[in-house]
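The block underneath contains the structure these notes are about, expressed in structure tokens.
The values are calculated or read from the model by the stated rules, or taken from the named source; none is laboratory data. Since the structure is predicted, the reported quantities are computational estimates derived from the model, not experimental observations. Cβ placement follows ideal geometry from the backbone for every residue including glycine, while neighbour counts extend to all protein chains displayed. Accessible surface is based on the protein model in full, side chains and every heavy atom, while ligands, DNA and RNA are left aside. Shrake-Rupley method; radii C 1.70, N 1.55, O 1.52, S 1.80 Å.
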Amino acid sequence: MEEREITKNEETINQTNLQEEYLKSLDELEEGHVVQGHVIQVTDETVFVDIGYKSEGKIPLSEFEIAPKVGDNVNVILIKKESKDGNIIVSKKKFDEKEFWKNLKKAFMEKTSVEATVSKDVKGGFEVLLGYNVKAFVPISKMDIAKVEKPEEYINNSYKFYVERLYSDKKINIVLNRKSYILEELTHKKEEFFNTAKVGDTVEATVKSIASFGAFIDLGGFDGLLHINDMSWGHVVKPKDYVKKGQKITLKIINLNKENNKINLSLKHFSENPWDTFLSRYSVGDIVKGKVTKLTDFGVFIEIEDGIEGMAHISEFSWVKKINHPKELFAIGDDAECMILNYDVEQGRISLGIKQVLENPWDSMENKYPEGMQLERKIIKVTNAGAFIELEEGISGFLHIDDISWTKKVKNAFSILKVNDMINIVILNIDKENRRIRLGVKQLSDNPWEVLSKTFLKGSVIEGKITGKTDFGLFVKVQGDIEGLINKSNISEKFNEELDEEIGQYKVGDDIKAIITEINPKKKKLALSIKEYKKNIQREEISKYMQSDNDTPMATLGDFMKQ
């Protein structure tokens, strides 16, 4: 009996001690404190955790995004020490919310990124969700580094942002910035690229956009340039023929300039440069065939093989024709045969000639148009100094005003020559080296000066017609349309008023006779004298009177003078 009573007393004492320890452990817990629990049981609705202190807490399963497993550790906040059913009430959700605000404030202070989901576009920007029903605003100008053209494309997507503002007027007013985050990330990526990449490396990238001068390549948020000249060793007209927007592409780095943030990429450097073997395949004077790739005002570009392109200057198009623009002969894509005139391998340049593959008509010009050959041809251009006469297409000669007439002094070719008129000419001279042909008209007939000088010697009497009067004498036209001058002193032996009176008796159009006092075909000079002619007449009269016959006595000079 005594032993049984002792046992009951011990049990009572043990229960009392346990109860005291439990109450004591509850006294050590404070509501609102964070405690760590150990999952000991998971049901369909509740998670039971041992939070120590000989106490258990229960958490609604809905507070977990992923259901925990027995043995997992979980941080919670004590909500209530003891509920009606004797359990301790704890909350994981409250703990998570507290941690969320703690981390959000830390991100704002230390400028670290937070993740949020764009829920909708609103006036001036976007509304985003940070979690726990916390909303923030992103101005449209701070959503992306590029201008936002289609806001709907951002909805329901999650991005990383910087926290620009948490409070405004002591109220929660969260503003986020994605643009600054992207720019900073791009800066880090680009720095890492420049630090690790080197010329010659191969990169996998995406074609971002295409321009007339090449394509921009996305290297992971920052761009490199694939220039049109680096797409192929050959001539590239349209970049889109070689790359497409959005295309995944493998390229080689050919230039890195960290100071200017320039990255040049190449597609053509995966193949051999044809210029490296140019000298083994081509020489000056070679006749080659190619295709016209470009027309300019000064010439035409011809690709003779992929990557080898030369230029034919407009002056090398024709031996004889004047080409004003390459489009008169060529169009892009035309086949062309040409000669290599010169090249510079280091600069990648070739000078080509079109006319050199054709016969030079100037080589046979002297045989085709010998000196003295007479032709009838058309005037194609008139200048003050003369006229250009077309002998054949592309070949013309020049008729100088001095070669128009032996006797007429032509001051202006426009006064007697007109474009498109047909004219008889003679070939005077051909200068093959300078490609000049001299033509003449007056040479079609004999030089009247030469004829005159042979027909009339100095001292001969010649007939003519007065064509002009001046203060210093009379102009007289004689045979061959040659005009001579009778100087005032050679008109009469009279002087002053009597001389003027005698000169006044002569009129333009009068026929006269005079003595040739000087004739010089080279200088085209003819001097005449009426005075000398009259003296000759007098001498002839004297000789008549001084003649005698058997029946009449000889007259004396005195008798003649008396008469």
**Q.** Any chance GLU359 is under 15 Å from TRP319 (Cα atoms) and in a loop (DSSP other than H, G, I, E, B)
**A.** yes
Q.
Looking at ASP286, ASP306, can you tell me which residue is at pLDDT below 90 and either open to solvent by 40 Å² or more (accessible area, probe 1.4 Å) or at positive phi (or both)?
A. ASP306
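If we keep just the residues of region 437-463 that are among the polar types (S, T, N, Q) and in a helix (DSSP H, G or I), which is farthest from LEU399 (Cα to Cα)?
First pass over region 437-463, keeping only residues among the polar types (S, T, N, Q): 443, 445, 447, 453, 455, 460.
Imposing the further condition that a residue be in a helix (DSSP H, G or I) reduces the set to 443, 453, 455.
On the way: GLN443: 11, SER453: 27, THR455: 30 Å.
Filtering first and then ranking leaves THR455.
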Q | Residues satisfying the stated conditions in region 347-395, i.e. of a type outside the set (Ser, Thr, Tyr), over 30 Å from LYS409 (Cα atoms) and touching a helix residue (DSSP H, G or I) at 6+ places or on another chain (Cβ under 9 Å) | A | GLY348, ILE350, LEU352, GLY353, ILE354, LYS355, GLN356, PRO361, LYS368, GLY394
Q | ILE462 vs. criteria β-branched (Val, Ile, Thr), surrounded by 18 or more Cβ atoms within 10 Å (Cβ to Cβ), modelled with pLDDT of 85 or more and touching a Pro at 6+ places or on another chain (Cβ under 7 Å) | A | no
Q: Considering each residue of region 132-165, count those that are more than 25 Å from ASP223 (Cβ to Cβ), of a type in the set (Phe, Trp, Tyr) and open to solvent by less than 30 Å² (accessible area, probe 1.4 Å), and give that number.
A: 0
Q. Does LYS442 count as surrounded by 12 or more Cβ atoms within 10 Å (Cβ to Cβ) and without any contact (Cβ under 8 Å) to a residue 40 or more places away in the chain?
A. yes
Q.
Considering only residues that are open to solvent by less than 50 Å² (accessible area, probe 1.4 Å) and of a type in the set (Gly, Ala, Ser), which ones fall in region 342-371?
A. GLY348, GLY353, SER364
Q: List every residue pair whose Cβ atoms lie under 6 Å apart, where the two residues are 6 or more positions apart in sequence or sit on different chains, the first residue falls within region 517-543 and is in contact (Cβ under 8 Å) with a residue 24 or more places away in the chain, and the second residue, located anywhere, is of a type in the set (Ser, Thr, Tyr) and open to solvent by less than 40 Å² (accessible area, probe 1.4 Å).
A: THR517/SER529; ILE519/SER453; PRO521/SER453; LYS531/SER492
Q: Residue by residue through region 380-429, note down the ones that are in contact with a strand residue (DSSP E or B) (Cβ under 7 Å, 6 or more places away or on another chain), open to solvent by 40 Å² or more (accessible area, probe 1.4 Å), within 30 Å of VAL478 (Cα to Cα) and not in a strand (DSSP E or B).
A: ALA385, THR407, PHE414, LYS418
Q. Taking region 469-482 as the region of interest, how many residues are assigned to a strand (DSSP E or B) and either of a type in the set (A, V, I, L, M) or modelled with pLDDT under 90 (or both)?
A. 7
Q: Report the residue count in region 140-157 for those that are of a type outside the set (Lys, Arg) and in contact with a helix residue (DSSP H, G or I) (Cβ under 9 Å, 6 or more places away or on another chain).
A: 7
**Q.** Criterion: out of contact with any Pro (no Cβ under 6 Å at 6 or more places or on another chain) and open to solvent by less than 40 Å² (accessible area, probe 1.4 Å) - qualifying residue of LEU104, LEU129
**A.** LEU104
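Each row is one residue, and each column tells you yes or no for (1) out of contact with any helix residue (DSSP H, G or I) (no Cβ under 9 Å at 6 or more places or on another chain); (2) part of a loop (DSSP other than H, G, I, E, B); (3) not aliphatic (A, V, I, L, M).
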site	(1), (2), (3)
GLU127	yes, no, yes
LEU130	no, no, no
TYR159	no, no, yes
SER180	no, no, yes
PHE194	yes, no, yes
Q) Does at least one position in region 182-190 carry a residue that is under 28 Å from GLU259 (Cα atoms), open to solvent by 90 Å² or more (accessible area, probe 1.4 Å) and in contact with a Phe, Trp or Tyr (Cβ under 9 Å, 6 or more places away or on another chain)? A) yes
Q. With (1) modelled with pLDDT of 80 or more; (2) loosely packed, with under 14 Cβ neighbours inside 10 Å; (3) under 30 Å from PHE137 (Cβ atoms) as the list, and ASP44 as the residue in question, which single condition is left unmet?
A. (3)
Q. For region 236-245, what are the residues that are surrounded by 18 or more Cβ atoms within 10 Å (Cβ to Cβ) and either without any contact (Cβ under 8 Å) to a residue 12 or more places away in the chain or not β-branched (Val, Ile, Thr) (or both)?
A. VAL236, PRO239, TYR242
**Q.** Filtered residue count, region 490-509, keeping only those that are open to solvent by 50 Å² or more (accessible area, probe 1.4 Å) and either touching a residue at least 24 places away in the same chain (Cβ under 8 Å) or in contact with a Ser or Thr (Cβ under 6 Å, 6 or more places away or on another chain) (or both)
**A.** 3
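Listed here are the residues, each with its yes/no results for (1) among the small types (Gly, Ala, Ser); (2) under 30 Å from PRO139 (Cβ atoms).
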{"residue": "TYR154", "(1), (2)": "no, yes"}
{"residue": "LYS160", "(1), (2)": "no, yes"}
{"residue": "ASP201", "(1), (2)": "no, no"}
{"residue": "ILE210", "(1), (2)": "no, no"}
{"residue": "GLY246", "(1), (2)": "yes, yes"}
{"residue": "THR250", "(1), (2)": "no, no"}
Q: Would you point out which residue out of VAL203, VAL175 is surrounded by 13 or more Cβ atoms within 10 Å (Cβ to Cβ), among the β-branched types (Val, Ile, Thr) and touching a residue at least 60 places away in the same chain (Cβ under 8 Å)?
A: VAL203
